Amino acid sequence: MAQGVTIDAAFWGAEAAGIVALERELKRLRRAQSAHAREQARTVARAAVLNLVVYADRELHARRSAQSISDLASRHPSRAIVLLADRGAHEGAEGRLEMHCHLPTAENATQVCYEQILIRARGDADERLASVVIPLLVPDLPVFLWWTGSPPVAGRAFGQLVGLADRLVVDSADFARPEEMLPAIARISAQARGRFGLTDLNWTRLTPWREIVTSFFDVPAWRPFLDTVTGVRVGFAVDMDGRQILPSQALLFIGWLASRLGWRPIEALAPSEAGGLLFAVARADGARIQIRVRPRFERGLADGDVSGVRIQAERDGQQAEFVIKRQPDPRHQTASVLLGGERRWERTMPLPSFEIVELIGEELAIMGSDPTYEEALAALVRLG
């Protein structure tokens, strides 16, 4: 944001001059909401089950996060604090607040109100954000830190805010340089054990892909092929011009396979055509597996979304392929198994929503770490 840009009070709420004034304004808004509800013979419940701190350096990301929090109010009512780092300005930190109320459904006559605060940090004031956040947190509730964009892992503000968190949520789909950021996140994950949990919304997007691959090899007749994989191909979506090359999801998928099956690096990740990757790993028995990560233009998919997976294997002279492809309708995917070139099984199934509100909603229901994610991330770093 450039210097002089005015915060939209209609969206974020009235300005408050300091923390004391901010809390006073929150109390006034709660009283007004309660009075209005009584006039309509309804009940307003003030509820908070967690503290949610969101860091954004773009107002677009801040607004998107705020809207997601609003949509989740009935499922995860919170004291939400949105931190907007406005480095285009040079004044001190400002506090702004907005209070939202979830409208009742036909089955529920109770309104659930939650509190949302915006702190806009101008210039280098974000170095002091943690000291502003601490008195605003509701005591004895877990603290989730949702960091939009690429975290400045060596930055002072990042370290201070992470020190307040019980769980850190990032989204590698927004990383400008995933090949640099994913190893950095792996280091944070290793250091975080026992102190806070860490997850990536891109990992959540991979859940249905991982579930289908697992289901392939739950079939006793196909299970032996898991130990004799010879090749893996993963496609991911790019824009029409191929400018946005963001293979984070595809790389996390490869890391997951490597961590589960004990694959070891024998070649470093190497660029292939049009922003793809081509490299080899070794199976647990030492045999070579060729890995190809390929960018593909796919309509209806966000940049970086996995578009297809093909796992090739050979056992006792029989070739097998386990394939997952998105349908032209990106809300469905088809899984199929080919043995000796013949299609033996196929099924089309729906994909869950990958909207931000659904992804963050899942993560707010989880406390602690995700060992499978941590192991996949560590394996990916070793492959690199």
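Going by what's in this entry, would ARG347 be described as at pLDDT 95 or above and either of a type outside the set (Gly, Ala, Ser) or within 30 Å of ASN51 (Cα to Cα) (or both)?
yes
Go through VAL170, VAL138, VAL162 for me and flag whichever is farther than 24 Å from LEU301 by Cβ, under 19 Å from the mean Cα position of the chain (by Cα) and not polar (S, T, N, Q).
VAL162
Quick check: anything in region 144-158 closer than 30 Å to ARG30 by Cα, modelled with pLDDT under 90 and small (Gly, Ala, Ser)?
no
It is to be established whether one or more residues within region 180-198 are in contact with a strand residue (DSSP E or B) (Cβ under 9 Å, 6 or more places away or on another chain) and of a type in the set (D, E, K, R).
Within region 180-198 (the criterion being in contact with a strand residue (DSSP E or B) (Cβ under 9 Å, 6 or more places away or on another chain) and of a type in the set (D, E, K, R)), the answer is no, since none of the residues qualifies.
Does region 161-177 hold any residues that are in a loop (DSSP other than H, G, I, E, B) and among the charged types (D, E, K, R), and which are they?
ASP166, ASP171, ARG177
Of everything in region 164-188 that's at pLDDT below 90 and farther than 14 Å from THR148 by Cβ, which residue is surrounded by the most Cβ atoms within 10 Å (Cβ to Cβ)?
In this case the residue turns out to be PRO178.
Among SER307, SER336, SER353, which is of a type in the set (S, T, N, Q) and at pLDDT below 90?
After ruling out the rest, the residue left standing is SER353.
Among the residues of region 116-127, is there at least one that is touching a strand residue (DSSP E or B) at 6+ places or on another chain (Cβ under 6 Å), closer than 30 Å to ALA16 by Cβ and not assigned by TED's automatic domain parsing to the domain that holds SER78?
Within region 116-127, none of the residues are touching a strand residue (DSSP E or B) at 6+ places or on another chain (Cβ under 6 Å), closer than 30 Å to ALA16 by Cβ and not assigned by TED's automatic domain parsing to the domain that holds SER78.
Could you tell me whether any residue of region 278-287 is modelled with pLDDT under 90 and not β-branched (Val, Ile, Thr)?
Within region 278-287 (the criterion being modelled with pLDDT under 90 and not β-branched (Val, Ile, Thr)), the answer is yes, since at least one residue qualifies.
Could you please find all residues in region 130-156 being of a type in the set (A, V, I, L, M, F, W, C), assigned to a helix (DSSP H, G or I) and in contact (Cβ under 8 Å) with a residue 60 or more places away in the chain?
Selection gives VAL132, VAL133, LEU136.
For the structure I just gave you, tell me whether ARG292 is under 26 Å from THR204 (Cα atoms), free of Cβ contacts under 8 Å to residues at least 40 places away in the same chain and of a type in the set (D, E, K, R).
no
The values are calculated or read from the model by the stated rules, or taken from the named source; none is laboratory data. The shown structure was predicted, so the numbers you read here are calculated from the model rather than taken from an experiment. Cβ sites come from the backbone with ideal geometry, for glycine too, and all protein chains shown count toward neighbours.
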